[in-house]
Each structure stands twice: as structure tokens, then as C-alpha cells.
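Data block below; observations after.
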């Protein structure tokens with residue numbers, strides 16, 4: 001847990017929803033988390049290709065980067081506290097939803113993938129699964145890790161061999177951490193840079209169908 005207790009709130013007016021309030025009743029929720037310097041509309045463009053069963057909500061990260069938004073600074077010394085503050089903001093946003101979902105899944109790209117795993121670490125019993133695209137797990141140990149290791153929720157982790165954005169050591173520690181804390185589906189895409197390819201999208205769709213039973 002973030003020792004400072006600082007919370008970076010989610011801008012509720014910026015959330016992109018795939019369904020109106022009335023159509024969210026009695027349905028699962030898939031929370032979408034974009035990458036560094038991007039925005040809530042980026043990954044939301046993928047929603048027509050994904051499962052129709054869940055309601056999808058794409059969130060805007062709280063920190064302005066000038067051309068977009070970020071969940072935490074790129075500087076590792078500054079990033080740890082900001083990551084926890086952003087995580088607490090997403091949890092607060094979920095708590096405040098007027099229409100509670102029947103379950104919650106997570107899908108994040110790059111920094112959004114880091115957020116997805118950090119959310120699971122903060123609330124190990126709250127999330128059904130995570131899709132982590134071209135991201136990594138924050139290296140600092142977390143109090144929720146032991147419970148997560150007991151529960152081992154499904155996690156899809158996809159990345160490309162030509163990704164020059166995510167440091168190699170971050171990939172290495174994620175490879176060590178994920179199998180011990182999740183039921184892992186790992187996919188590596190030859191020649192793919194820091195992006196989402198058509199092949200990866202097909203695999204994500206298949207993973208989501210398994211989670212939603214359709």
C-alpha cells in the first residue's frame with residue numbers, strides 16, 4: 001500500500017464507456033488502461049474487436065505529459081509513489097460507481113499494463129483477470145503479493161521481440177514474478193515493436209472469450 005496515502009483521482013468526465021448507465025446493470029466490467037503519453041481514446045478503438053459481454057470503460061491517466069497522459073513518471077525514483085497513488089485512484093473510482101459490475105477485469109498497454117498488475121497487488125481478491133500488453137510488473141515487493149500468489153488469477157502477458165521501450169531487466173523480473181503470482185498465458189511475437197499487432201489482438205480476443213465463457 002502507498003505509505004503516503006496520496007490518491008490521484010480519475011477524471012470521471014473523461015471516461016469512455018461502451019454502454020450507457022442503464023445497459024451496465026448486471027454485466028461484468030473490463031477496465032482499459034492506456035500507455036504513457038496516450039489517452040483514453042487510444043485502446044478504446046480496440047473495443048469493437050473484443051467480447052460483447054462486458055461493459056468496457058477506458059480511463060484517462062491522471063498526470064499530464066504535454067501531449068498526452070501518464071499514470072506515473074518515467075523516472076524510477078519518482079514513479080513508485082505515483083504508481084500507487086494512481087492505483088488508489090482507480091480503486092476509488094471503482095468504489096464510487098453507481099452501477100456496480102458483476103466482476104472486474106483489466107486490460108492495459110505499457111504503463112497501463114503496469115497499472116493492471118499493481119491493481120491486482122493492491123486488491124488481490126477484487127479482479128478476475130488481467131491482460132498485460134507490452135508492460136511489466138513494478139519491482140518493489142507489495143503486501144498483496146502473498147495473497148495474489150495464493151489466488152493466481154489468469155493473466156495474459158504479450159510482448160514483442162523488437163520492443164525497444166521496455167528495459168530488458170523489467171522483462172526479466174516480470175518473467176520471474178508472473179508465474180509465481182498468476183495463472184499465466186504468455187505470448188511473444190517475433191519482430192513486434194512496442195505496439196499491439198493483429199496476431200496479438202486475436203490472442204487477446206481468445207483469452208477474453210475464455211474468461212467470459214463466450
Q. Among 207, 136, what is the fewest-to-most ranking by other Cβ atoms within 10 Å?
A. 207, 136
Q.
Need one number: % antiparallel among DSSP beta bridges in the stretch 12-212, to the nearest 5.
A. 15 percent
Q | Of 159, 121, 27, the one that fluctuates the most in a GNM where the chain has Cα springs shorter than 10 Å | A | 27
Q: Residues in the stretch 1-41, backbone N under 15 Å from the label point at residue 92 (7 Å along the Cα-to-beta-carbon vector): list them, ranges by number please.
A: 2-13
Q.
Give me the one-decimal Kirkwood hydrodynamic radius in Å for the stretch 99-214, with the sum taken over alpha-carbon pairs.
A. 14.2 Å
Q) Using a simple spin-label model with points 7 Å from Cα along the Cα→Cβ vector, what separation in nm is obtained for residue 81 and residue 190? A) 4.7 nm
Q: Please arrange 125, 95 by counting, for each residue, the other beta carbons lying within 10 Å of its beta carbon, fewest first.
A: 95, 125
Q: In Å³ and rounded to a whole number, note down the convex hull volume per residue for the Cα atoms of the stretch 149-214.
A: 75 Å³
Q. Going highest first, how would you order 34-40, 50-56, 184-190, 167-173 by mean Cβ packing within 10 Å?
A. 34-40, 50-56, 184-190, 167-173
Q. Any idea what Rg and Dmax come out to for the stretch 63-150 if you just take the C-alpha atoms, in Å?
A. 13.1, 41
Q) What is the spread of the Cα atoms of the chain along each of their three principal axes, largest first, in whole Å? A) 45, 40, 40
(Q) With just the Cα atoms defining each centre, how far is the stretch 179-198 from the stretch 52-103? Give it in Å. (A) 22 Å
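Each reported figure results from applying straightforward, stated rules to the coordinates on display, with no laboratory input. Owing to the predicted nature of the structure, the values given are computational and were not obtained by experimental measurement. Cβ: placed from backbone, ideal geometry, glycine included. Neighbour counts: every protein chain shown.
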